[in-house]
Amino acid sequence: MALATRQSFGVAVCLGLIISMQATPTEAKPLSLRNQHLEVSLDVPSGLLAATDLRTGTRWRQHVPIQSAQGRNWGQVKTHKVAPGSLIRFTDATIDGSRILAKALWREHPFTVVFELVPEEPALTVTVDTLNRDDPLPWKPSWPGVMLMTYPYAFHNDQAGPDAVVPIDEGVIYSTRETDPQADPKRWKLWWLHKKLSMPWWGVTDGQQGVMTQIEDPFDCMFSIQWVRTPHGQRTLPQVTWIGAKGALAYQRRVTFRFVSEGGYVAMAKAFRAFEQARGAFRSWDEKVRANPAVARLRGALDVWHQRELTADLITCMKDAGIRRAIVAKPRGGDAPATQGIEPEAISAAVEAGYLVGAYHNDSWIQGRWIARDPALKDAAVLPADGKPAYIGNAWDAKGRLDRCPGAHTDVLRRKSREAREAGLNYFFTDCTTTGGAIHECYHPGHPARRRDGAGQLSAALRAASDQGVVVGSERGKWWATATTHVFEGIGTLIDYGGPYYGKGDATHWAGPYLTKSPGYSELFLGYDLNPVRRVPLFQLVYHDSVYCTRRWNQDPGRAPDSWDRHDLMNILYGTSSLIFMHPKAGNVIGTPDWEKVRGRYLQTYRNVCGWHEKIGFDEMTSHRFLSPDRLVQETRFSSGPGVVVNFGGSAWEDPRGFTIAAQDYRIVEP
Ligand SMILES: [Zn+2]
């Protein structure tokens, strides 16, 4: 019902646009808009915008993309010129009150574009539409669907926007001046926005001023970073490229540019937070604890997986080690029964100890061997337009797997979580569900889905699970699941940069060592995933008081002792928790003789990282800043008052507030 209302509204706007475009004569006025914050002008036929922030005088310009690049691996990037014929071409534009109404052609297909300043705000919306929304688009489908134009383009200012901040997982910071395509094969890759980014926005900034780009219709949209030519030389900027929805434009696509005069990426993250709060999509820890008091057990919890059976003895050993709060979970096959691998006495012991206890499930994938046993399972899978389910290779099943349709998740997650709850478990981990990987177009008559439906369908399924009374965790993590999920395991990792170096097979995948000899290990894994200089806590600035976050389960800090300190310091800075993947081959199973050799270091991680999380784990992260020019000294602050200064550098930091922090150390700063 809500959907039908929205579509009707869209048609009304569309008709309004036709009437006003016919009524207003062309070329009567300059094509610019102004409010108290911004002056924006449009160039015809290029479609390029220029904007002056009237608060600072900073002038922001756009440039057409001239080059893209792609390459899966280190040293394998190929560049591609952007053909001028692939760019949108504006044919007409008129002023209509506070809006510019424009007509444009993209590959000779007509589009309309509306530019409008948000009243009283330093923000501009750009809406791309067509008068023939449901017409099949006349171009050939490519791998992601029918690719449309890259538009609107990115704003840039060489002084005020030298860095791009992008919420790839927790968040990265890229210099727009880095133009060597070989330096980073992961950066340029064109990919679905909803799979690549944890939130549908990014920014360019000097740390104070900047422009935030928020994609308000992010599910039929691709993200990439492309080259532009500026008066100062080439630069690389994030770009938005639309794709068709089941072969048509289907609905209008809107982008909001928000101009920031101070506060940089922190102000941008807070603007997105306010946007989500205003539309009722943000849910705080307070609300989540009210709905299920067991959620409070996440505060200060260590996230523990155990490759062997969970036993009451293990719980006793954890308590004896001084671990006050923990998630204790059992990895196993994705379709295992609720308590497989968990001793009944372990459940009551863990619950009594104040822990969360549960197991691994993965119903977002349907493995080929499961289908061999029960062919009916195939019926829940995404059905592509050609009617042939697409099997995808994976390490866990030689027969491959299908993606469960987002529209076929609720029943299975409700049933599995109810079985877990009835067995006494209070934690439920559903792998892959919040990666965005299952969000596809589905043509199954029983559960048709558009990409833009998928997030809501998956979120409803996650809510059905949490409504059973379990704390719900899932993989990686996306903005659309924050209201219905409690734990995002993996968002602290930059999977694109770290994933190729985990190793394959049971032992190395979990227990290490990392594949340190693989090409690009230093540049990508150490250079990004474990490099605080390249990262910014964009996700925590929005959601620290809503979701408990960790790195991926491949990243037990003990598997790389050289980086253990850095691992802990990054968690402390971001106010996120630590994870242990206990595996006999890693020698880190609590209570075993091997554990005694590593016990001191693991418990140091627990005390420092989880101890800090006990204090601020449910707070809002109010700020993050780089204190030293080399960015190795950073500070975050939290809403209950304290902050932390972390020195990742190799020498002591003399803080102007009168304290010193040794190399590779941190200090909690009270208000
Ligand atoms: Zn479906």
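The values are calculated or read from the model by the stated rules, or taken from the named source; none is laboratory data. Keep in mind it's a predicted model, so treat the numbers as computed, not measured. Backbone-built Cβ (ideal geometry, glycine too); neighbour counts: all protein chains shown.
Points worth noting:
- Of all residues in the stretch 145-179 being at pLDDT 95 or above and β-branched (Val, Ile, Thr), the one that is surrounded by the fewest Cβ atoms within 10 Å (Cβ to Cβ): Thr179
- Selection status of Asp594, without any contact (Cβ under 8 Å) to a residue 40 or more places away in the chain and either of a type in the set (Phe, Trp, Tyr) or assigned to a helix (DSSP H, G or I) (or both): yes
- Candidates Phe223, Phe219 - the one that is in contact with a helix residue (DSSP H, G or I) (Cβ under 8 Å, 6 or more places away or on another chain) and either of a type in the set (Gly, Ala, Ser) or in a strand (DSSP E or B) (or both): Phe223
- Consider the stretch 352-407 and keep the residues that are aromatic (Phe, Trp, Tyr) and either without any contact (Cβ under 8 Å) to a residue 12 or more places away in the chain or under 30 Å from Asp320 (Cβ atoms) (or both). The one that is surrounded by the fewest Cβ atoms within 10 Å (Cβ to Cβ) is Tyr360.
- Inter-residue pairs, beta-carbon under 9 Å, first closer than 13 Å to Asn647 by Cβ and in the stretch 568-581, second among the basic types (Lys, Arg) and surrounded by 24 or more Cβ atoms within 10 Å (Cβ to Cβ), 6+ apart: Met570/Arg535; Met570/Arg551
- With respect to the stated conditions, Gln67 is closer than 24 Å to Tyr174 by Cβ, surrounded by fewer than 19 Cβ atoms within 10 Å (Cβ to Cβ) and at pLDDT 95 or above.
- Residues of the stretch 385-412 satisfying the condition of being within 16 Å of the ligand (Cβ to nearest atom) and polar (S, T, N, Q): Thr410
- The single condition among (1) touching an Asp or Glu at 6+ places or on another chain (Cβ under 9 Å); (2) under 26 Å from Lys615 (Cβ atoms); (3) of a type in the set (Ser, Thr, Tyr) that Ser563 does not satisfy is (1).
- Residue match in the stretch 609-616 (condition: assigned to a strand (DSSP E or B) and surrounded by fewer than 18 Cβ atoms within 10 Å (Cβ to Cβ)): no
- Condition check for Glu422 on (1) over 23 Å from Gly341 (Cα atoms); (2) over 29 Å from the mean Cα position of the chain (by Cα); (3) modelled with pLDDT of 95 or more: one failure, at (1).
- Matching strands (runs of 3 or more DSSP E) fully within the stretch 238-342 where at least 1 residues are within 30 Å of Ser68 (Cβ to Cβ) and in contact with a helix residue (DSSP H, G or I) (Cβ under 9 Å, 6 or more places away or on another chain): 253-260
- The single condition from (1) within 16 Å of the ligand (Cβ to nearest atom); (2) among the charged types (D, E, K, R); (3) closer than 16 Å to Asp431 by Cα that Asp379 fails is (3).
- Taking first residues from the stretch 128-152 that are free of Cβ contacts under 8 Å to residues at least 40 places away in the same chain and partners that are part of a strand (DSSP E or B), the Cβ contacts under 7 Å between residues at least 6 apart in sequence or on separate chains come to Pro138/His109.
- Any hit, the stretch 625-634, residues being buried (at least 18 other Cβ atoms within 10 Å of the Cβ), of a type outside the set (A, V, I, L, M) and without any contact (Cβ under 8 Å) to a residue 60 or more places away in the chain: no
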